[in-house]
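Take a look at the structure below.
The values are calculated or read from the model by the stated rules, or taken from the named source; none is laboratory data. Not measured: the values here are computed from a predicted model. Cβ atoms come from the backbone with ideal geometry, glycine included; neighbour counts cover every protein chain shown. Protein only, heavy atoms only, side chains kept; ligands, DNA and RNA dropped before computing areas. Shrake-Rupley method; radii C 1.70, N 1.55, O 1.52, S 1.80 Å.
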Amino acid sequence: REWTQLSVTTSKTNNMAPLPAAAPPREWTPAMQSDLARILSVGEECISEKELRGLILAKGRGTERFDDDGGVDVAPRIRLYDGFEPSGRMHIAQGLLKSVNVNKCTSPGTHSTFCFWVADWFALMNDKMGGDLTKIGIVGEYLIEVWKAAGMDLENVEFRWASTEITEKANVYWPLMLDVARRFNVTRIKKCCQIMGRMEGNLTSAQVLYPLMQCTDVFFLKADICQLGVDQRKVNMLAREYCDAAKKKFKPVILSHHMLYGLKKGQEKMSKSDPDSAIFMEDTVEDVERKINKAYCPVESEFALAAPGMGGDADAGKESMQLKEDTLKNPILDYVQHIVMSPPNSTFTCATASSPSEGKTYSNYEDVKTDFLNGEITPEQLKKGLIDSLNKLLQPVRDHFANDATAKRLLDQVREFKRSDATPAADDAVPKVFRLDLVEKGMIPANCHFVMAPLPSSNPTLQSASHLLAKLSAGGDDAKVLMLMDWTAKVNSALDSDAKVISAYYSVLLSSLRALDKHFNGDENSIMKNVTIVLQSEAILRDPSNYWISVINAGRHFSLDAVMGAGIGLGEGMKDSEGVGVVIGRLMMVADVLAVNPKSVALDAAVDDMGVALSNLSLQDGEAASTQSVEAHLIQEYYNAKLSHPALADQCPVPTITHITDGARLQLQPPRESAALKTEFDEYFLLDDPKVNAKSKMKKAFCEPGNVDFCPPIEILAYFGGLDSGTGKEVVIQRSPDNGGDVTYTSKSALLNDFESGALHPGDLKEVVSTVMVAFFTTLSEEIKKDGDAAKGAKALKAFEKKMSKQKKK
């Protein structure tokens, strides 16, 4: 498209480059109107027609732009998308109706491309075809061959295989999925779970992950139009809501096609698990005749009841299956309208009361329905006409697989796969385990002690660093692995999911760990020297496929309630109003432990507001008494349930779990219920506090005379002074002779006794603690300055905090 140039004059010079004028709006033409009407005919609902019209103007007919050789159109095209799992069966709506819809959307000249997302990766996870990706790929090729035979024009169709795309572009796909997840709470994602046919109260954790991934697919594939069934409407709307949350300008258009009724009474949609609920593309002439003749075909409106034996939630979410009111719910009429008469210029012929021999040919569906309801067409005549029409439509597919060598070979292979897949596994068969193996990848030592770094904060505290060092120390002489949880931080919206600021936090944290380690252990006994640092995202990207399959498998094992922490004695657990990113993060934690396959894991115990560990636990059979956190429950339960087979237990033994419940308590103030009572950052020492803050914060620290239940100065002095550490260290508190003179302490208990009795005054105690902390923060500041990454990180955290403060004030 050529641009006209506009001359720009400034007050000083006229030598600025001319700016391009906005392209004049394109004229809406009859051909464009035809494209719009044809695409709209595909869906029961379009959100929105105005946006679809805008897409046609921006990318549709007439926007072609060719390369210098004039042979390749390089202009953006309208992109539509749908997905399918190669499970081995294709019902008639997926085969014939989808072929008609694709042809309508990609009609020559429309300047559009239909992208099929071949979900072979999900078939692998669901153990289709024995979990053999090669076999699953062959099934996918077979289904494509079905579409070709059904008349789908593949000229403007592309097939993208999830296993290849997600693996090769894992660094794009998974961060995008994590960003989608962090934008929504559990309540919103539960509403999408009808795409799996489950009610909200009966969900596995994986069932909240699937909608997030499907939403991610839309943006990963750069889809302009989501052309899926009405049953997918809620997750497609989630994609539009994500655009609002992520401030994306252009939302995908939602074009939802009709969902065919099941052939049995009360079936709101077809089911692959019930062969008689639908016509399938491989059905024989006899199959079609038998199924249609048995099908439900009411003449009068009835209240559609759930089919017998379907179960309480087999038809979950049925209110979303149909957008147009239909009290008749006649599947035979449904097939006539949406299968037989859906293609342009199609007709339907059947016998009627007035023409029982020759029959009547209809070109308008409403006429068929009217004649049926008026008794002009009997149910038997309607069914016979449908049987003839369906077999006529299916015959080219049957012929193709009988006569085309490639198609016949694919069909024979798929049939053989189905026979093999139907053979039950032996009772003692070793379960297949998908996991990232960081030992095999050479990233970590085997049989290590595993610690996960805390989620980042713009104000990292001394408490968090000291607690992390305690968790590392719990590994004794074993090799230690510290994982920096950058992707878990992202999905939990830590530091607004800013990768650079998250990295800045971990740089400061590591530098502080080394300073603490040096203070307590010196160079000779350093703990950090024996710690392998692993960045979570880098580890995942070494084998993203196996890692994320292990995440999803963990989700499939656990109920959503369990991952949210309900029913294990640790309080009520998460609320639905909380971010679903917490759920994803916990599933990732299980996969992280599997990836490390450690000898032991150190975790945070669930604690109350005063930092005291909760202990009112309801342990499951086989759980260790160390289960004092949701994370420990998930780890132990998964190992016991999924890795207990003798052949696996030796390779992946249940790790010992340690909770740090008696570490240093460096909190300076008691918990405050009201945010209005808080003084900014006075509750903890921060890792980037200047030494002057060490003195001023200690001066303000809570220190009630005689109160030894909560006395921060004593806790801090005992910790940094090394009392009760077994090293023989002592602390001298200097006082004037009038105040009792100097006193030396070699144990924390002696400090507590004197303070409780009044022999030790708060002022004298705070004075010595201030001196100790000023000395430590002087050392810490020097360590951070020496570490270039940490120094830059400290500045980045301050800049981020300043930016967030400005945003809060707006």
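Identify, by number, the condition in (1) modelled with pLDDT of 90 or more; (2) closer than 23 Å to Val218 by Cα that Ala93 doesn't meet.
Among (1) modelled with pLDDT of 90 or more; (2) closer than 23 Å to Val218 by Cα, the lone unmet condition for Ala93 is (1).
Considering only residues that are closer than 30 Å to Met177 by Cα and open to solvent by less than 30 Å² (accessible area, probe 1.4 Å), which ones fall in region 511-542? Spell out how you get there, then give the answer.
Going through region 511-542, the residues closer than 30 Å to Met177 by Cα turn out to be 532-542.
Matches in region 511-542: Val534, Gln536, Ser537, Ala539, Ile540.
Can you list residue pairs whose Cβ atoms sit under 9 Å apart, with the first residue in region 132-154 being touching a residue at least 60 places away in the same chain (Cβ under 8 Å) and more than 17 Å from Trp121 (Cα to Cα) and the second being aliphatic (A, V, I, L, M) and open to solvent by 40 Å² or more (accessible area, probe 1.4 Å)? Count only pairs 6 or more apart in sequence or on different chains.
Sorted first by the residue in region 132-154, then by its partner, the pairs are Lys148/Leu154; Ala150/Leu393; Gly151/Leu393.
Quick one: would you say Val414 is within 30 Å of Ile39 (Cβ to Cβ) and part of a helix (DSSP H, G or I)?
Working: within 30 Å of Ile39 (Cβ to Cβ): no; part of a helix (DSSP H, G or I): yes.
No, not satisfied.
What helices (runs of 4 or more DSSP H) completely inside region 49-129 contain at least 2 residues that are touching a residue at least 60 places away in the same chain (Cβ under 8 Å) and closer than 30 Å to Gly262 by Cα?
Numbers: elements: 49-59, 98-105, 120-125.
By residue number, 98-105, 120-125.
Just a yes or no: is a residue in region 291-300 in contact with an Asp or Glu (Cβ under 9 Å, 6 or more places away or on another chain) and without any contact (Cβ under 8 Å) to a residue 60 or more places away in the chain?
Yes - at least one qualifying residue is present in region 291-300.
Which of the residues that make up region 346-390 are buried (at least 20 other Cβ atoms within 10 Å of the Cβ), farther than 21 Å from Leu97 by Cα and in contact (Cβ under 8 Å) with a residue 60 or more places away in the chain?
The one that is buried (at least 20 other Cβ atoms within 10 Å of the Cβ), farther than 21 Å from Leu97 by Cα and in contact (Cβ under 8 Å) with a residue 60 or more places away in the chain: Phe372.
Can you find, within region 555-583, the residue that is farthest from Asp179 (Cα to Cα) among those that are out of contact with any helix residue (DSSP H, G or I) (no Cβ under 8 Å at 6 or more places or on another chain) and at pLDDT below 85?
Gly569
Kindly evaluate Ser271 against the criterion of being outside any helix (DSSP H, G or I), of a type in the set (Ser, Thr, Tyr) and touching a strand residue (DSSP E or B) at 6+ places or on another chain (Cβ under 8 Å).
no
Collect the residues in region 274-302 that are surrounded by fewer than 20 Cβ atoms within 10 Å (Cβ to Cβ), in a helix (DSSP H, G or I) and touching a Lys or Arg at 6+ places or on another chain (Cβ under 7 Å), keeping them in residue-number order.
Result: Asp276, Asn293.
Cβ contacts < 7 Å: first residue under 19 Å from Phe800 (Cα atoms) and assigned to a helix (DSSP H, G or I), restricted to region 502-524; second residue hydroxyl-bearing (Ser, Thr, Tyr) and open to solvent by less than 10 Å² (accessible area, probe 1.4 Å), any location; separation 6+ or different chain. Result?
Short answer, once both residue conditions are applied: none.
Please state which of the following conditions Lys148 fails to meet, knowing it meets all the rest: (1) open to solvent by 20 Å² or more (accessible area, probe 1.4 Å); (2) in a helix (DSSP H, G or I); (3) farther than 30 Å from Lys392 by Cβ.
Going through (1) open to solvent by 20 Å² or more (accessible area, probe 1.4 Å); (2) in a helix (DSSP H, G or I); (3) farther than 30 Å from Lys392 by Cβ one by one, Lys148 breaks only (3).
Can you work out which of the residues in region 423-476 that are of a type in the set (Val, Ile, Thr) and modelled with pLDDT of 90 or more is most open to solvent (accessible area, probe 1.4 Å)?
Within region 423-476, the first condition is being of a type in the set (Val, Ile, Thr), and the residues that meet it are 423, 430, 433, 439, 444, 451, 461.
After this cut, where a residue has to be modelled with pLDDT of 90 or more as well, the list is 439, 444, 451, 461.
Working: Val439: 53, Ile444: 13, Val451: 0, Thr461: 30 Å².
Per the stated criteria, the residue is Val439.
Among Lys251, Lys222, Lys265, which is the only one that is open to solvent by 10 Å² or more (accessible area, probe 1.4 Å), closer than 30 Å to Val340 by Cα, of a type in the set (Lys, Arg) and part of a loop (DSSP other than H, G, I, E, B)? Talk me through it step by step, then tell me what you get.
On the way: Lys251 fails: closer than 30 Å to Val340 by Cα; Lys222 fails: closer than 30 Å to Val340 by Cα.
Exactly one of Lys251, Lys222, Lys265 is open to solvent by 10 Å² or more (accessible area, probe 1.4 Å), closer than 30 Å to Val340 by Cα, of a type in the set (Lys, Arg) and part of a loop (DSSP other than H, G, I, E, B), namely Lys265.
Just to check your reading of the model, which residue among Glu730, Glu680, Glu673, Glu704 is acidic (Asp, Glu) and modelled with pLDDT of 90 or more? I'd like the intermediate steps shown before the answer.
On the way: Glu730 fails: modelled with pLDDT of 90 or more; Glu680 fails: modelled with pLDDT of 90 or more; Glu673 fails: modelled with pLDDT of 90 or more.
Every option except Glu704 fails the conditions.
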